[in-house]
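Visitor: My questions will all concern the structure given below.
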Amino acid sequence: MQKNIWRNTLFCLGLGAMAPVMAQAAPSGIQLRSEHSYTVKTGDTLWGIAAHFLKNPWDWPQIWHRNAYIKNPNLIYPGDRIVIIRGSNGQPELRVISLHPQMTAGPLPTVATGEVMPFLGTPGVIANKKAYDQLPYLAASASEHIVYTVGDKLYASGLAQAPIGARYQIVALGPKLYRHDGKKALGYALRDLGSAVVRSNGPHPAVEITNALKEISLGDRLVPTTDRSAPHYFPSAPSHPVNAQIIAKMSNYPELMVGQVVIVDQGRDSGLSAGNVLQVDRPGGETKNAVTGKPFALPPQKVGTVMLFRIFPTVSYAVITTATHGILVGDQLASPRPVTASDRPSGNG
């Protein structure tokens, strides 16, 4: 290990002389920025680092080089150094000079996880209201409050066999999801309200609320807690043209900005995968031709990008990664086009 660290350090020192020629020839369609090296800091995200080197962060996989001596090349740690070098084919490659054996911090997430993580621990989507009604639920309380919070103990129905210490997510039925043409129902989104732990079992098991993200009331449902590990996947363009739409939002804001979560009307069955980036388009509207006075249809305008982070058969959850205007339910989604001078994102996730 010590030998590898010294070897990597010497390699870093030799990069300075190469910097002037790094970005002369990029793979077709790849737009490099002028930066040639970057030391990863705590709080960084993979999206942010990709945007540091590339004008189109979703192009990252095309020039990312997986170092043979790194056990999991998808993981980058604070203290690692990312550089652009020339590969054997003469094309630029992004490489990581790994120093994380000396670090105690965890690997970087793909995007800022504050908004994303709550949507990783629940089923996300449920097929219909009948299936929702069959879930275990919060049935009663000795305190008879209208809403409940951390530390409150409630009695549940449907958890008679649950062992003491079992953990559950508290969920409520969210918006009904339709294909953008409005003809086909895709299920219901589930809103994550918080979490609870079983304190006693039997005919009327007691649960204690351990985390409250939103108001929790009697009648809210319970689903087993699943793994909430931070996602580690690279931003990427879909492998095929996409024509999709934002069909729901997971917050009450009228317009959405960077870091907030939306639901897309396509998923695994349409060939989408986690990490895919889609461009958000807004209809251009109509104006008048200055000469003829006749109606003049404006082309769609790019207003942002989203990255898919959780994929279901017919829908996907996505986080907004850039936005020049507020993102709305109903906005169209397509495979990303090359960045132009007029594209000025307000954030990088």
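Visitor: Among strands (runs of 3 or more DSSP E) lying entirely in the range 204-298, which contain 1 or more residues that are closer than 23 Å to LEU177 by Cα and within 15 Å of the chain's Cα centre (by Cα)?
Guide: 243-249, 261-264, 277-282
Visitor: Being over 29 Å from ILE263 (Cβ atoms), touching a strand residue (DSSP E or B) at 6+ places or on another chain (Cβ under 6 Å) and assigned by TED's automatic domain parsing to the domain that holds ALA131: is that true of ALA206 here?
Guide: Yes, satisfied.
Visitor: Here is a follow-up. For residues that are closer than 16 Å to ARG310 by Cβ and in contact with a Phe, Trp or Tyr (Cβ under 6 Å, 6 or more places away or on another chain), scanning just the range 264-294, find the one that is surrounded by the most Cβ atoms within 10 Å (Cβ to Cβ).
Guide: Selected residue: VAL277.
Visitor: In the range 162-206, how many are among the aliphatic types (A, V, I, L, M) and in contact with a helix residue (DSSP H, G or I) (Cβ under 7 Å, 6 or more places away or on another chain)?
Guide: Counting residues in the range 162-206 that are among the aliphatic types (A, V, I, L, M) and in contact with a helix residue (DSSP H, G or I) (Cβ under 7 Å, 6 or more places away or on another chain) gives 1.
Visitor: Restricting to the range 179-196, name every residue that is touching a Lys or Arg at 6+ places or on another chain (Cβ under 7 Å) and surrounded by fewer than 17 Cβ atoms within 10 Å (Cβ to Cβ).
Guide: ALA185
The values are calculated or read from the model by the stated rules, or taken from the named source; none is laboratory data. Quick caveat, the model's predicted, so the values are computed rather than measured. Heads up, the Cβs are rebuilt from the backbone with ideal geometry, glycines too, and the neighbour counts pull from every protein chain shown.
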